[in-house]
Every structure is written in C-alpha cells, then in structure tokens.
Amino acid sequence: MNARRADGSKGNNDRVIEILREAKALAREYYHLTGKPLGITGEVAEYEAARILHLELTPARQAGFDAIEHQNGVQRRLQIKGRCLLPNCKPGQRLSRIDIKKDWDAVLMVLLDENFDATAIYEADRSAVVSALTKPGSTARNLRGALAVSKFRSIGRLRWSRTNSA
C-alpha cells in the first residue's frame with residue numbers, strides 16, 4: 001500500500017491491509033447473517049482512496065478532511081465518503097454528512113462493491129458540493145448535508161475506475 005499517514009509513517013500499512021482484508025470478510029459474513037451492514041464502509045473507503053490515489057491520510061478525528069493530496073506543489077484537503085452499492089440496490093443511495101462549515105477543498109466519493117472493494121472514485125470540488133447542498137428543496141440534502149450518489153456523480157468527475165485501471 002502506498003498510502004501514508006500525515007505524520008509520515010508507513011510501516012504499519014501492511015498490517016492495516018491485512019486487518020482490512022479480515023474486516024471485509026467479517027462484514028460480508030455479518031451482512032449475510034443479519035441483513036445489516038457492519039459499519040466499516042468509511043474506514044475502507046479512506047484506505048482504498050489513499051492506496052489508489054496515493055494520498056496521505058490525516059490522523060483520526062481531523063476536523064473537516066480525511067486526507068491530503070499534493071498536486072503540482074499544491075496541497076489539497078480532501079473529505080472522503082464511501083458507499084457500498086450492493087447488486088440490485090435501491091436508487092437514491094446517499095452519502096454520509098458533508099459539513100460545509102469545515103475546511104476542505106474537495107470531496108472524494110469511493111464506491112465499493114459487495115466485497116468492499118473499490119469500483120470507482122469520484123471527486124467534486126468544494127464549490128460544486130456547497131452549491132448542491134444549499135440548493136432549496138431537499139431536507140436530507142439541506143439539513144443533513146447528505147447528497148445522493150447520483151447527484152454526486154453528476155457534479156463530480158471520475159478520478160479512477162476499476163474497469164479503466166487494468
């Protein structure tokens with residue numbers, strides 16, 4: 001795994017990958033037994049984005065953003081949201097809360113399959129996200145800061161796709 005934490009550490013990444021592999025298997029089994037998600041989507045999404053896009057993950061509980069990306073000498077602060085889309089899932093799936101009062105430059109949406117493996121990563125700039133979240137009309141969007149996956153796709157751009165990466 002190429003991801004680094006913001007403190008520069010990389011030594012534990014192999015163990016983190018091993019733990020995530022085990023957690024994914026447990027989450028799949030838990031879902032099959034209970035029909036409920038285990039709640040690891042956010043952590044898996046962060047590590048998948050960091051691994052695939054070579055991001056630096058911030059320390060836990062960093063207010064506003066989850067990772068830092070360096071592009072052409074510029075540091076960008078990224079919020080990472082994940083969504084596991086199961087086969088035949090209902091339309092209208094939403095991302096977790098995006099807090100527009102915090103400092104961040106863009107949001108990454110990591111889409112995961114039923115095995116918690118990344119299938120696509122989209123990015124939307126702050127201005128597009130804020131505009132979509134403050135547009136009148138939806139309580140879920142306006143009060144809870146929750147964008148639909150389809151809306152995020154429409155305001156963002158595809159950064160990575162499993163089908164295009166091979």
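The values are calculated or read from the model by the stated rules, or taken from the named source; none is laboratory data. All figures in this text were calculated on a predicted structure; none of them were measured in a lab. Methodologically, a virtual Cβ is constructed for each residue, glycine included, from the backbone with ideal geometry; neighbour enumeration extends over all protein chains shown.
A few points about this structure:
- In region 20-38, the residues that are of a type outside the set (A, V, I, L, M) and out of contact with any helix residue (DSSP H, G or I) (no Cβ under 8 Å at 6 or more places or on another chain): Arg21, Glu22, Arg28, Glu29, Tyr30, Tyr31, His32, Thr34, Gly35
- Breaking point among (1) surrounded by 16 or more Cβ atoms within 10 Å (Cβ to Cβ); (2) under 19 Å from Val44 (Cβ atoms); (3) in contact with a Gly (Cβ under 7 Å, 6 or more places away or on another chain), for Ala148: (2)
- Against the numbered list (1) farther than 25 Å from Val130 by Cα; (2) out of contact with any helix residue (DSSP H, G or I) (no Cβ under 8 Å at 6 or more places or on another chain); (3) of a type in the set (Gly, Ala, Ser), Gly64 comes up short only at (1).
- Test: Gly137 is closer than 26 Å to Leu38 by Cβ, outside any strand (DSSP E or B) and at pLDDT below 95: no
- The numbered conditions (1) of a type outside the set (A, V, I, L, M, F, W, C); (2) touching a Ser or Thr at 6+ places or on another chain (Cβ under 9 Å); (3) surrounded by 14 or more Cβ atoms within 10 Å (Cβ to Cβ) are all true for Glu46 except (2).
- Members of region 77-107 that are farther than 27 Å from Tyr30 by Cα and either in contact (Cβ under 8 Å) with a residue 60 or more places away in the chain or not in a strand (DSSP E or B) (or both): Ile98, Asp99, Ile100, Lys101, Lys102, Asp103, Trp104, Asp105
- Among the residues of region 49-66, the one identified as in contact (Cβ under 8 Å) with a residue 60 or more places away in the chain and buried (at least 22 other Cβ atoms within 10 Å of the Cβ) is Ala49.
- The single condition among (1) outside any strand (DSSP E or B); (2) surrounded by 11 or more Cβ atoms within 10 Å (Cβ to Cβ) that Val110 does not satisfy is (1).
- Unique residue being modelled with pLDDT under 90 and aliphatic (A, V, I, L, M) when the list is Ala60, Ala25, Ala49: Ala60
- Selection count, region 23-55, where residues are over 13 Å from Asn115 (Cβ atoms), of a type outside the set (Phe, Trp, Tyr) and assigned to a helix (DSSP H, G or I): 11
- Residues in region 119-134 that are of a type in the set (S, T, N, Q) and assigned to a helix (DSSP H, G or I): Ser127, Ser131, Thr134.
- Test for Gly92: is it modelled with pLDDT under 95 and among the small types (Gly, Ala, Ser): yes
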